[in-house]
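Colleague: Mind looking over this structure? Questions follow.
The values are calculated or read from the model by the stated rules, or taken from the named source; none is laboratory data. Here the structure is a predicted model, which is why all the values come from computation and not from measurement. Here the Cβ is made from the backbone with ideal geometry for all residues, glycine too, and neighbour counts use every protein chain on show.
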Amino acid sequence: MEGPDANQGAGSTGDGADAPDRTVALRDGDAALLERLLSGEHRALARVITRIEEREPGYRGLVSALYDHTGGADVIGVTGAPGAGKSTLVDKLAAAYRDRGDTVGVVAVDPSSPYSGGAVLGDRIRMASNVGDMDVFFRSMSARGQLGGLSMATADAVKALDAFGKDVVVIETVGAGQNEVDVVRTADTVAVLVQPGSGDDVQTLKAGILEIGDVFVVNKADVDGAERALAELEEMVHRREGSTATPGADAGHHGPPGPGVPDAEGSAGADSPEATVDREDAEASGWTPEVLGTVAETGEGVEELIAAFDAHAAHLRESGELTRTRRRRYAEEIRTLVRADVGALATEAIERRGGIEALADHVRRKEADPYGVAAGIVDPIAACLEDRDDPADGWPGKPNEPGDDST
């Protein structure tokens, strides 16, 4: 329905105020758009990703419908410091994948414009090798203020490319330090790029990027200092692999944060039940990251890099690690969505009480305190959750079948 009430749903306050659209039902018009995407229409794919990026009303229904059609693509994350040559390498990777007959989707997470919120680098004109090839779909997306990280919209765009039928989806991140670890929540295989002679190899360890890589790449391997960078990375990788045998040590890409480091839920990562499970998974993974040299400008080393990606993908499937990796990814998506939606509900409640400034004035006049104000907003939400039926009975659209013990 496209009438005045078409956008009214679980995410609407009904009072004319803008509110997040939390509905997951697929609209009639969107069902047709989804069918066009699944049938291989690139215009429909572009439209779906735009709907996702702009968070247009009904986008959640589209993403929910995409899930049943995902899981076929190898998802590769390419990250590293700015200037390491990520875009040029991704361009050459896409061309090499096409040469062997694979279809490719590329999502490039660019810095956000402070004015429009859009991607600053636009169409990334320097990635020119695949211009005109309809089997390489390229999309620049804004990091939306999360420099170095992936917005939820980016993860959803990957699902659209996967459902479309792309064999390989490559995610290139901004490259801005610690927050690069967000890429592992969307990619099956992570390649970390460094360039020789600029101290990036040392900064990689300091920034924590070393812990997320499945493959390490010294790009611009034809310049002075490349051999040293390769040797140092090899040493760091072996040192990292040795540290995972120590109880409570950081388990890298396949494991939780170290002792005292908050996990996605804010708890002490190494001591949480989730961390214990992830650490056991990490110890069973058995993958030692490869260290390779490439020259992206000429394509040197690209075939060897793709072979390393293929080897890691095969390892994930044969070891069962792919199932565990995707389980962790979905768990993180659920946490992210729940945090965002509960936060949005709380924001709506604050606005109904006159706005945050009015509540702050109550505290300033000693008429209330911050803890009491917060409790007044959150307690009704908690009470509603407590009144709900047992979640074990199922969830909207996905009821448990008798005997279903799936995770």
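Colleague: Of the numbered conditions (1) out of contact with any Pro (no Cβ under 9 Å at 6 or more places or on another chain); (2) crowded, with 16+ Cβ neighbours inside 10 Å; (3) at pLDDT below 95, A284 fails exactly one; give the number of that condition.
Modeller: (2)
Colleague: Right, here's the next one. Out of the range 190-218, which residues are out of contact with any helix residue (DSSP H, G or I) (no Cβ under 6 Å at 6 or more places or on another chain) and modelled with pLDDT of 70 or more?
Modeller: Correct list: A191, Q195, G197, G213, V217.
Colleague: Which of the helices (runs of 4 or more DSSP H) found entirely inside the range 313-407 contain at least 1 residues meeting this: modelled with pLDDT of 90 or more, over 24 Å from the mean Cα position of the chain (by Cα) and among the aromatic types (F, W, Y)?
Modeller: 370-387
Okay, residues lined up against (1) hydroxyl-bearing (S, T, Y); (2) in the same structural domain as F309 (by TED's automatic domain parsing):
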position	(1), (2)
R60	no, no
T79	yes, yes
G85	no, yes
V90	no, yes
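Colleague: So which residues in the range 32-50 are without any contact (Cβ under 8 Å) to a residue 12 or more places away in the chain and surrounded by fewer than 19 Cβ atoms within 10 Å (Cβ to Cβ)?
Modeller: Answer for the range 32-50, where residues must be without any contact (Cβ under 8 Å) to a residue 12 or more places away in the chain and surrounded by fewer than 19 Cβ atoms within 10 Å (Cβ to Cβ): A32, E35, R36, S39, E41, R43, T50.
Colleague: Hey, can you tell me all the residues within the range 287-310 that are among the charged types (D, E, K, R) and modelled with pLDDT under 95?
Modeller: Once the filter is applied, which keeps residues that are among the charged types (D, E, K, R) and modelled with pLDDT under 95, the range 287-310 yields E290, E297, E300.
Colleague: I'd like to know if the range 51-59 contains one or more residues that are in a helix (DSSP H, G or I) and surrounded by fewer than 19 Cβ atoms within 10 Å (Cβ to Cβ).
Modeller: Yes, the range 51-59 contains a residue that is in a helix (DSSP H, G or I) and surrounded by fewer than 19 Cβ atoms within 10 Å (Cβ to Cβ).
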